[in-house]
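The values are calculated or read from the model by the stated rules, or taken from the named source; none is laboratory data. Note that the structure is a prediction, hence the values are computed from the model and not measured. Here the Cβ positions follow ideal geometry from the backbone for every residue, glycine too, while neighbour counts run over all protein chains shown. Only protein heavy atoms, including side chains, enter the accessible area calculation; ligands, DNA and RNA are left aside. Shrake-Rupley method; radii C 1.70, N 1.55, O 1.52, S 1.80 Å.
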Amino acid sequence: MRQIVLYISLLLGIVGCSGKEDIGGEYSSIASLWGYARNGTVQITKDVYICGHVVANDKYGELNKTIVVADDSAGVVIEVDMDDIEGYYPLYSKVQIRCAGLWLGAIGPKLILGAKPIGDYIVDRVPSSRVANYITLLSENNDTPTVRRRKVAELEYRDMLNYVAVEDLRLVDSEHGLSWTDSDPTTGQPITTVRHFCQGSDTLRVVTYAGCRYATENIPTSPIFFSGILDWYDGDIAMRIVGHIIGQY
């Protein structure tokens with residue numbers, strides 16, 4: 001099994017320093033937000049805007065009260081306290097984010113925007129009544145964002161929270177016959193679960209949220225491909241399938 005190591009200090013050195021220069025402008029790349037995040041969880045007070053495509057939301061229940069927006073430089077999670085995000089900010093639509101007033105933090109290589117944090121949270125969810133103050137739908141008639149086609153061995157921090165496609169994957173033998181999620185032994189309800197797929201000698205973790213509509217579907221054992229975002233889950237890289245894009249050869 002290949003362990004993918006993320007060099008956070010290298011990340012900050014590359015996009016953090018250059019981003020710090022970009023932040024002064026009205027519009028900034030998403031990667032430039034690292035210029036704030038390197039200081040811990042902070043409120044953005046400058047009049048900064050970012051634009052990008054919605055590369056993940058709650059369509060098919062794949063994420064919970066979360067929207068992920070990406071541009072060519074990076075991706076960012078926005079925590080929102082609203083249901084049916086897909087109905088307001090459809091998957092692959094183009095949006096603008098007004099960052100002033102939002103709080104920004106990071107978990108490992110993962111940028112997160114939201115409301116003022118409460119307790120031990122990195123950020124809290126933006127109240128549904130205020131989401132439109134920060135997120136503006138620019139266009140919902142966009143083609144699928146550019147897909148970063150990768151082999152497992154090629155995945156790296158630059159792909160974090162961006163739209164990625166990986167082909168020729170096989171479920172590891174020990175997980176044949178399983179569904180995308182396990183069940184809670186007490187309630188019988190699905191629980192968020194990580195499965196493992198191999199590509200040669202390399203292994204990719206794939207995490208499926210408990211509320212996903214296909215959580216109880218059996219995983220194909222034949223070679224498959226899927227598209228989604230590269231996420232950071234439980235201290236390591238894990239891919240999340242988006243739009244239920246799962247194909248068999």
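Can you tell me which residue among 187, 203, 192 is under 23 Å from residue 69 (Cβ atoms) and among the polar types (S, T, N, Q)?
On the way: 187 fails: under 23 Å from residue 69 (Cβ atoms); 203 fails: under 23 Å from residue 69 (Cβ atoms).
From the options 187, 203, 192, the qualifying one is 192.
Are any of the residues in the stretch 177-194 among the acidic types (Asp, Glu) and open to solvent by less than 10 Å² (accessible area, probe 1.4 Å)? Walk me through how you get there before you give the answer.
Step one: list which residues in the stretch 177-194 are among the acidic types (Asp, Glu), which gives 182, 184.
Adding the requirement that they be open to solvent by less than 10 Å² (accessible area, probe 1.4 Å) leaves none.
For the stretch 177-194, residues among the acidic types (Asp, Glu) and open to solvent by less than 10 Å² (accessible area, probe 1.4 Å): absent.
Tell me, please, whether a residue that is closer than 21 Å to residue 235 by Cα, open to solvent by less than 40 Å² (accessible area, probe 1.4 Å) and among the hydroxyl-bearing types (Ser, Thr, Tyr) can be found in the stretch 140-162.
Yes.
Inspect all residues belonging to the stretch 66-75 and state whether any of them is open to solvent by less than 40 Å² (accessible area, probe 1.4 Å), farther than 18 Å from residue 137 by Cα and either without any contact (Cβ under 8 Å) to a residue 24 or more places away in the chain or among the aliphatic types (A, V, I, L, M) (or both). I'd like the intermediate steps shown before the answer.
Start the filter on the stretch 66-75 by keeping residues that are open to solvent by less than 40 Å² (accessible area, probe 1.4 Å), which leaves 66-71, 74-75.
Imposing the further condition that a residue be farther than 18 Å from residue 137 by Cα reduces the set to 74.
Checking the rest, the ones that are also either without any contact (Cβ under 8 Å) to a residue 24 or more places away in the chain or among the aliphatic types (A, V, I, L, M) (or both) come to 74.
Scanning the stretch 66-75, I find at least one residue that is open to solvent by less than 40 Å² (accessible area, probe 1.4 Å), farther than 18 Å from residue 137 by Cα and either without any contact (Cβ under 8 Å) to a residue 24 or more places away in the chain or among the aliphatic types (A, V, I, L, M) (or both), so the answer is yes.
Can you name every residue in the stretch 203-234 that is among the aromatic types (Phe, Trp, Tyr), outside any loop (DSSP other than H, G, I, E, B) and open to solvent by 50 Å² or more (accessible area, probe 1.4 Å)? Don't jump to the end; show me each part of the working.
Start the filter on the stretch 203-234 by keeping residues that are among the aromatic types (Phe, Trp, Tyr), which leaves 209, 214, 225-226, 232-233.
Now restrict to residues that are outside any loop (DSSP other than H, G, I, E, B): 225-226, 232-233.
Those that are among the aromatic types (Phe, Trp, Tyr), outside any loop (DSSP other than H, G, I, E, B) and open to solvent by 50 Å² or more (accessible area, probe 1.4 Å): 225, 232, 233.
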